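Where a number appears in this text, it was derived from the coordinates with a stated rule and is not lab data. Bear in mind that the values here come from a model prediction, so they are computed numbers and not experimental data. Cβ placement follows ideal geometry from the backbone for every residue including glycine, while neighbour counts extend to all protein chains displayed.
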Amino acid sequence: MNETLPRPRLSTIGSMRTDALLKKLLSLSAHEDITSFAVGLPNPDGFPIEETAEAAQYVLKTMGRRALQYSATEGEPELREAIAAYETSRGTPTRPEEVLIVTGSQQALDLTARAFVDPGDKILVENPTYLGAVSAFSLSRPRFEFLPADAEGLDPEGITEDMKDAKFAYVMPAFSNPTGLTISLERRKRLVERARELDLWIIEDDPYGELWYEKRPPQTIRSLAPERTLRLGTLSKILSPGMRLGYVTGDPELLDVLAELKLSADMHSPVLTQLIAARLLTTGVIEKNLPAVRKIYRDRGTFMLACLEKYMPRDAGISWTRVEGGMFIWVTLPEHIDAMKLMPEAIAAKVSYVPGAACFALGDKKNHMRLSFVTVPEERIDAGVRALAGVIARHL
Ligand SMILES: Cc1ncc(COP(=O)(O)O)c(C=O)c1O
């Protein structure tokens, strides 16, 4: 900051900074010649661009005055109906009044924390968990406690009595970010049982559930416990993230609370993209496009797993999640290897990743990497994994 300029008097939250080192390392990895397994973007080959252009034309031509006007905070009726039908068709019975449209599910994380959490309140998260959720929740200054886990991910058996004063438990049911793991049906049922015993609320964040490779994930947590679950969904991965449209489903009274907070944040999500998305849902474009999207994810994911198998040093205490959907693989290295410290070497070898420590709410576990692969062409996946394996091998 320039010393001669006046310093702004920032709040505690305004002064919070995410890890500067991590930001620097990730910006270094943004070069063309570096194979980035760090960037977690969807593959634009899956965006239905022509169809979106047609839907935009249709919306502007037939209801332009409305599409460009202010509107209701809870969302456009067509989109709420279309989302309710979409959720219902996938086994989670949902009425339109149980849908709140938000500006990406990221906004839902922010609103949820604001609605539930006072500073110092306990919330339960998986560890590791989605970095963006930790950032959003942190603004409400909660106390993070960790849901028990084993190699399969969340283990509800370990949820203890002292967790019952938590405001909510935040979970990703399918192909989680960053681990790629999915909570099995038995564990989902047990989670719901424990939540009922302890009177816990569940925030189910499910952006990746539709991106399965061979087999659909089990039924949603909301379908098992509609009375105590807020379910977060998004069009970012099944349509495109630039639309900035997500949704929350749950008890309408609770959605009213979120809507009131949303009103202060942004009044409503863009009417134009909402109406376009509603058109794409009701004309079946999204449904028809999904198999192509899944194929991109499946092909890259399967290829990436094969490359890890081929290049990673054997019998060296390195493991990774055998993902069956979504866009992330979680690598566990021997404990003495710090993935953050390895980054400069990896970048020199022209490959990058997200150091796992960034995904722990306490940042205390160093020997992990998150690898994303859906935007990386196969030949680069091959070269990138080979380079990464070489870097790791030097530290064994
Ligand atoms: C687990 C999880 N939740 C929420 C989001 C936010 O997505 P969006 O705001 O685009 O819906 C992401 C984005 O990567 C995510 O991985």
(request) Place a +1 charge on the Cβ of each Lys and Arg in the chain and a -1 charge on the Cβ of each Asp and Glu, then give the dipole magnitude about the Cα centre in debye, rounded to the nearest 20. (result) 760
(message) Just want the answer: with Cβ charges of +1 for Lys and Arg and -1 for Asp and Glu, which residue in VAL59, LEU10, LEU200 is farthest toward the dipole's positive end in the chain?
(response) LEU10
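Relative contact order for the chain: what is it in percent, counting Cα pairs under 8 Å that are at least 6 residues apart? Present the calculation step by step, with values, prior to reporting the outcome.
Numbers: 709 pairs, mean separation 91.5, N = 396.
RCO, the chain: 23 percent.
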(message) Out of all DSSP beta bridges in the range 192-309, what portion is antiparallel? Express it as a percent rounded to 5.
(response) 50
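Under a point-charge model restricted to the Cβ atoms of Lys and Arg (+1) and Asp and Glu (-1), what is the dipole moment magnitude of the range 49-285 relative to its Cα centre, in debye to the nearest 20?
Working: 27 positive and 37 negative charges, 105 e Å.
Roughly 500 debye for the range 49-285.
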(message) Treating the range 1-158 as a set of equal point scatterers at the Cα positions, no solvent, please give the Debye-formula log₁₀ I(q)/I(0) at q = 0.09, 0.20 Å⁻¹.
(response) -0.55, -1.33
(request) Take the Cα radius of gyration of the range 100-154 and divide it by 2.2 N^0.38 Å, with N its residue count; two decimals is plenty. (result) 1.18
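For the chain, what percent of Cα pairs sit more than 25 Å apart?
Values: 45685 of 78210 pairs.
Counting pairs separated by more than 25 Å, the tail of P(r) holds 58 percent.
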(request) Determine the relative contact order of the range 49-285: mean sequence separation of Cα pairs under 8 Å and six or more apart, normalised by residue count, in whole percent. (result) 28
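Please work out the ratio of the alpha-carbon Rg of the range 220-355 to 2.2 N^0.38 Å and round it to two decimals. Spell out each step's value before the answer.
Details: Rg = 20.6 Å, N = 136, 2.2 N^0.38 = 14.2 Å.
Normalised Rg, Cα atoms only: 1.45.
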(request) Divide, for the range 49-285, the radius of gyration over alpha carbons by 2.2 N^0.38 Å, where N is the residue count. (result) 1.01
(request) Have a look at the range 122-209 and give its Rg and Dmax from the Cα atoms, expressed in angstrom. (result) 12.0, 34
(request) Pop out the Kirkwood hydrodynamic radius of the range 30-112 from its pairwise C-alpha distances, inverse of mean 1/r, in Å to one decimal. (result) 16.1
(message) Placing +1 on the Cβ of each Lys and Arg and -1 on the Cβ of each Asp and Glu in the chain, which of ALA339, THR160, GLY209 has its Cα farthest towards the positive end of the resulting dipole?
(response) ALA339
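Neighbour counts of other C-beta atoms within 10 Å: give me GLU227, GLU78 arranged from fewest to most. Don't jump to the answer; show the numbers that get you there.
Numbers: GLU227 11, GLU78 18.
Result, fewest neighbours first: GLU227, GLU78.
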(message) Restricting to Cα pairs below 8 Å that are 6+ residues apart, what does the relative contact order work out to for the range 5-127? Please round to a whole percent.
(response) 13
(request) Take LYS295, LYS262 and order them by how many other Cβ atoms sit within 10 Å, fewest up front. (result) LYS295, LYS262
(message) Filter LYS310/LYS366; LYS262/LYS341; LYS288/LYS310 down to the pairs with a C-alpha to C-alpha distance above 31 Å, please.
(response) LYS262/LYS341; LYS288/LYS310
(message) Please arrange MET369, MET16 by how many other C-beta atoms lie within 10 Å of their C-beta, fewest to most.
(response) MET16, MET369
